[in-house]
Amino acid sequence: MAAYDQLPSELRQWLAQACLPWSPQSALRLWQKTLRACDGDRSRAWNRLSEIETHRLSQECQRIWGREHPAMAGVAPEPAALP
């Protein structure tokens, strides 16, 4: 819990609404990488984290239930890779 408490407040807020069980370490690494890619724009970084999570959820859905599952309808393609 101490690792979670040390995360930036924006990231803790995002994790509070996240669907996947992110570890504090992986969330922080992704947040830092995303923040750099978004030139420090926290709002864009937050949105980017949500896009990444949505993509990961769609991968899980496809892996578990297959591409024909109704939840896969209209799923956006994978977001562009971070630099």
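The values are calculated or read from the model by the stated rules, or taken from the named source; none is laboratory data. From a predicted model like this one, the values you see are computed outputs, not experimental measurements. Please note: Cβ atoms are built from the backbone with ideal geometry, for glycine as well, and neighbour counts cover all protein chains shown.
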**Message:** Restricting to region 40-83, and then to whatever is surrounded by 14 or more Cβ atoms within 10 Å (Cβ to Cβ) and more than 13 Å from the chain's Cα centre (by Cα), can you tell me which residue is modelled with the lowest pLDDT?
**Reply:** V75
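Considering each residue of region 24-35, count those that are within 17 Å of T54 (Cα to Cα) and over 9 Å from the mean Cα position of the chain (by Cα), and give that number.
Filtering region 24-35 for residues within 17 Å of T54 (Cα to Cα) gives 26-27, 30-31, 34.
Okay, now just the ones that are also over 9 Å from the mean Cα position of the chain (by Cα), so 26, 34.
Total meeting the criteria: 2.
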**Request:** Of all residues in region 24-54, count the ones that are without any contact (Cβ under 8 Å) to a residue 12 or more places away in the chain and among the small types (G, A, S).
**Result:** 3
